[in-house]
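Inspection log for the structure reproduced underneath, given as structure tokens.
Bear in mind these aren't lab numbers, they're just calculated from the coordinates by the rules spelled out. Given the structure is predicted, the values throughout are model-derived calculations rather than measurements. Positions of Cβ are generated from backbone atoms using ideal geometry, with glycine treated the same way; all protein chains shown enter the neighbour counts.
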Amino acid sequence: MTSVTLEGIGKSFGKTEVISHVDLAIESGEFVVFVGASGSGKSTLLRMIAGLESPSSGQVLIGGRDVTSAPPSERGVSMVFQSYALYPHMTVRQNIAFGLKLAKAGKESIAEAVGRVAQMLQIENLLDRKPSQLSGGQRQRVAIARAIVREPEVFLFDEPLSNLDAALRTQTRMEIKELHRSLGATMIYVTHDQVEAMSLADRMVILHQGRVEQVGPPSELYHRPATAYVAAFLGSPTMNFLSPERIEGAEALLASGERIPLPQGDWGKAASVGIRPEDIEIGQEGLPATVEMVEELGETRIVHARLSDGEELAIRSRELSEEDRNSKIRITFAPERLHLFGKDGRRLEAG
């Protein structure tokens, strides 16, 4: 098992900066997921760890060794690509063994290694097939097997499940998580899918416009987002944001004149108040709102409502149905469930 450290990593293509001074320490054996919107820089950051891109500034250390200028073959990493990158003219067996053959391993050791990983990933019956004879999920298993067989120090995954359908993504995601448990290896995984990220990661790295917004365990990022961007990025539906006219003591005054009780503290610098859809209660008291639409999602429903000042809210609840459209309701927020952010978008703590 091996640690990965990024020190002041930056990357520019011409005059366009895509990664801006990233410092990150990934512990040996951790499963870290880079997540962010398209263009956030997550794949570029992964490719610099792999040696497929050179940083414009900073250092990449793997196992404490500076590999910033080292070629991919000397970094002790294996990468699983979104496109699988299998050789179409080779069988599954030959694809898995390819890296070992390049390393001039003996025939017996290659056969033993291929058999071991094929059994681990339950693809023994596919070894003599060509990639064109495999499903997407089977191809991804072969790509993962090819990475495992080299026994790398670090595994890198670049959106490996994005070409699979929803059911297969869930299944393969569970298999990758179990693989991490059994190997205990350091794994770095890139995805734009927040569910994928939260279910796999020991720690998540949220990237936005080439910068790290927040690093931490999934539950911490969800329940204590450091910025309004992180708060809005995580969750479906996203966090609701209200913009109060002003703060008076421990209350936020809305444009409609209604008041929202806040946690005890000094919130004078608050520019927005955030609340998760599941933390809104529908009852007999509270702010008046009008139901505009109800989405049926099976296990829950999403109620879209509008406050009297025009602000919209998404509420996770099974109390209402589409028949309640245009009806008047009352909603309340538990003060301890509120998130307050300043004008710069950063989380405020009680002062």
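Fewest-first ordering of 300, 16, 172 by other beta carbons within 10 Å of each residue's beta carbon gives 16, 300, 172. Would you please classify the overall shape of the range 240-341 from the alpha carbon gyration tensor, given that a ≥ b ≥ c denote the square roots of the eigenvalues, rounded means a/c under 1.5, and beyond that prolate means a/b larger than b/c while oblate covers the rest? Taking the square roots of the gyration eigenvalues as a ≥ b ≥ c, the range 240-341 is prolate. By other beta-carbon atoms within 10 Å, ranking 312, 323 with the fewest at the front produces 323, 312. The local environment of residue 30, defined by Cβ-Cβ distances under 11 Å, has a net charge of -1 under the rule Lys, Arg +1 and Asp, Glu -1. Between residue 302 and residue 90, the contour length at 0.36 nm per residue exceeds the Cα-Cα span by 71.4 nm. Using 0.36 nm per residue and subtracting the Cα-Cα separation, the extra length available between residue 325 and residue 122 on full extension is 68.1 nm.
Across the range 84-145, Cα pairs under 8 Å and at least six residues apart give a relative contact order of 53 percent.
Residues whose amide H falls under 5 Å from that of residue 22, counting only those 5 or more places apart or on a different chain, are 8, 9, 10, with hydrogens built in the peptide plane. Compared with the alpha-carbon gap, the fully stretched path from residue 259 to residue 23 is longer by 80.8 nm at 0.36 nm per residue.
Taking 17 Å as the cut-off, no amide N atom of the range 153-174 comes nearer than this to a point 7 Å along the Cα-to-beta-carbon line of residue 54.
For the chain, the dipole from Cβ point charges (+1 on Lys and Arg, -1 on Asp and Glu) about the Cα centre works out to 1520 debye, to the nearest 20. A simple spin-label model places pseudo-atoms 7 Å from Cα toward Cβ; at residue 174 and residue 318 they are separated by 2.2 nm.
Mind giving me the nanometre distance, one decimal, between the label points for residue 211 and residue 162, set 7 Å out from Cα along Cα→Cβ? The answer from the label model is 2.4 nm. From the alpha carbon centroid of the range 52-92 to that of the range 132-164 is 14 Å. Could you point to the residue in 59, 307, 231 farthest towards the positive end of the chain's charge dipole, with +1 and -1 charges on the Cβ of Lys/Arg and Asp/Glu respectively? Of the candidates, 59 comes out farthest on the positive side.
Only Cα sites of the chain enter the Debye sum here, all with the same form factor; the resulting log10 I(q)/I(0) across q = 0.06, 0.10, 0.11, 0.13 1/Å is -0.30, -0.73, -0.83, -1.02, listed in q order. In the chain, helical runs assigned H by DSSP with n ≥ 4 each contribute -39500 (n - 2.57); averaged across all residues and rounded to the nearest 500, the mean residue ellipticity at 222 nm is -7500 deg cm²/dmol.
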